[in-house]
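Input: one structure, supplied below.
The values are calculated or read from the model by the stated rules, or taken from the named source; none is laboratory data. Remember, it's a predicted structure, so these values are computed and weren't measured experimentally. Glycine gets a Cβ as well: all are built from the backbone with ideal geometry, and neighbour counts include every protein chain shown.
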Amino acid sequence: MYGQIIRRLLDEKLTTLKELEQVTGRGTSTIYRWMRGESEPHAGDLRQLVRDMRNPRAKRLIVSMLLADLPLVVHWVDQDQQLREEYESRQSSDGHDVVDMTLMALASVTELLACQRESIRTEPELTEDTYSRLVRLTDDSVRYLTTSRLMLDKYLRKRRRAAPVV
């Protein structure tokens, strides 16, 4: 999947190989290995791509392709007072922070799905350890997504206040 994303970015001329190298700090051979599916970028590489690419269309393409095949329905946890207080205590946030938090949620969900797949394949019944890990990963995913939602809300309010009145 990651190779398809990189190939599409290049095919649609949304970026160049040079920009991919600069943003990720990886060499040409590594990027070509990603494109051939011989290796995969780290979550940090993806975060850097979404955060530091110059072309906004490239950023949107990366995120949309990463999220396209996830069988998720998100129920926001607005009532989680502890999470809200924890988020509100942060100094400030911008669009980059929202992207970072969303990528953390994606990484957590990816790990959750891999753990579920592995446990179904190898365990006739869930062990207590596997169950605990799945619950923790689910909680982390919801926490990251909820924080991302709160950040988006705050970012939108900030942008609306800054918008000129017509």
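Those residues that are closer than 20 Å to E111 by Cα and not in a helix (DSSP H, G or I), I need them from the range 48-68; list them, please.
A68
What's the number of the only condition in (1) at pLDDT below 75; (2) assigned by TED's automatic domain parsing to the domain that holds D11 that V73 fails to meet?
Tallying (1) at pLDDT below 75; (2) assigned by TED's automatic domain parsing to the domain that holds D11, V73 fails exactly one: (2).
Let me ask another. Quick test for you: out of D153, D129, pick the one residue that is at pLDDT 80 or above, of a type outside the set (A, V, I, L, M, F, W, C) and part of a helix (DSSP H, G or I).
D129
Can you pull out the residues in the range 45-65 that are out of contact with any Leu (no Cβ under 9 Å at 6 or more places or on another chain) and of a type outside the set (A, V, I, L, M)?
Correct list: D45, Q48, D52, R54, P56, R60, S64.
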